[in-house]
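Before any comments, here is the structure.
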Amino acid sequence: MTTSVWTHPQFDPVALALGPIAIHWYGLMYLLAFVGVLALGRIRLGSQAAGRPQFTPRDLDDVLLYGVLGVVLGGRLGYVIFYKPAYYLAHPAEILAIWQGGMAFHGGLLGVIAALAIFAWRRRVPFFTVADFIAPLVPFGLAAGRMGNFINGELWGRVADPTAIPWAMVFPQAGDGLARHPSQLYQMGLEGIGLFIILWWYSSRPRPLGAVSGMFLIGYGGFRFLAEFAREPDQFLGVLSLGLSMGQWLSIPMILLGLVIIRIAHRRVRVD
């Protein structure tokens, strides 16, 4: 019996062309992420449990601008440092060539943390007051980004048996004609939708300062660790020590740090 195999639809990367102006799907996903995070932030501002009187709509606009800069700069530098340090050391002029591709979430996270720390310092509020407010909004943006990856047919999954995984599909960009896990959709469901539901519920009740941020680190790190088993490792890195990918090795410290932050947060409440 012949098993039919899905093939990635190969969407046109240009979603809309207006004369000489081309609007790409990935750009639309970034726009959707920004608008969605802004709208969800407005909802949190109106929530007595999560809004925190220190925050105003103007603060939300400002902190999102800081966050965007942190994502772009941190994501690029993270890719350069974590994934291709030798290459960019030999070609330093290409470090700023973001249009050529190459962004790392873990680097983007560090960039956002730095941006939030600067914002908190300028606003004279505790760092975790800002981070706890922003953390539940982030998964929506992650979901939009993973959908952009799927539309572009990039960051595909590992080879899968279509008789066991009927939703496995061929990604022509992979160049081998083999059925693979649509791992972008797995990540959208886990790190995006699933994590959003968990954090939105968790933050809807009063929590110790820092607990929501800690839960974000645990949730993202755990979901990313699991999704990496289905995602094809970067070709230039492959699988690293203990059979784990770079994404998994970078997720482990996130999980541990999240556990430490939550433990400290709850211990501080008991002491107070």
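Read-outs: derived from the displayed coordinates by stated rules, not from any lab. Keep in mind the model is a prediction, meaning the values are calculated, not measured. Neighbour counts are summed over all protein chains in view; Cβ atoms, including those assigned to glycine, are modelled from backbone coordinates with ideal geometry.
At-a-glance table
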read-out: Label corresponding to mean projected area of the Cα convex hull in nm² when calculated from the structure given, among (1) 17.9; (2) 13.5; (3) 14.3; value: (1)
read-out: Computed E for LEU256/TRP6 - FRET, C-beta separation, R0 35 angstrom, nearest 0.05; value: 0.40
read-out: Two-site FRET efficiency, VAL125 against THR163, from Cβ-Cβ distance with R₀ of 45 Å, rounded to 0.05; value: 0.20
read-out: On Cα atoms only, tilt of 211-227 relative to the major axis of the chain in degrees; value: 10
read-out: Pairwise FRET efficiency - ALA93 versus TRP201, Cβ, R0 = 45 Å, nearest 0.05; value: 0.45
read-out: Most fluctuating residue given options GLY153, GLY74, GLY19, as computed from a GNM of the chain linking Cα atoms under 10 Å; value: GLY19
read-out: Cβ-based charge dipole, the stretch 207-272, positive-most Cα from PRO233, VAL260, MET246; value: VAL260
read-out: Most mobile listed residue (TRP25, TRP156, TRP167) in the chain, GNM with C-alpha springs under 10 Å; value: TRP167
read-out: Charge dipole (debye, nearest 20) of the chain; +1 at Cβ of Lys and Arg, -1 at Cβ of Asp and Glu; value: 1180
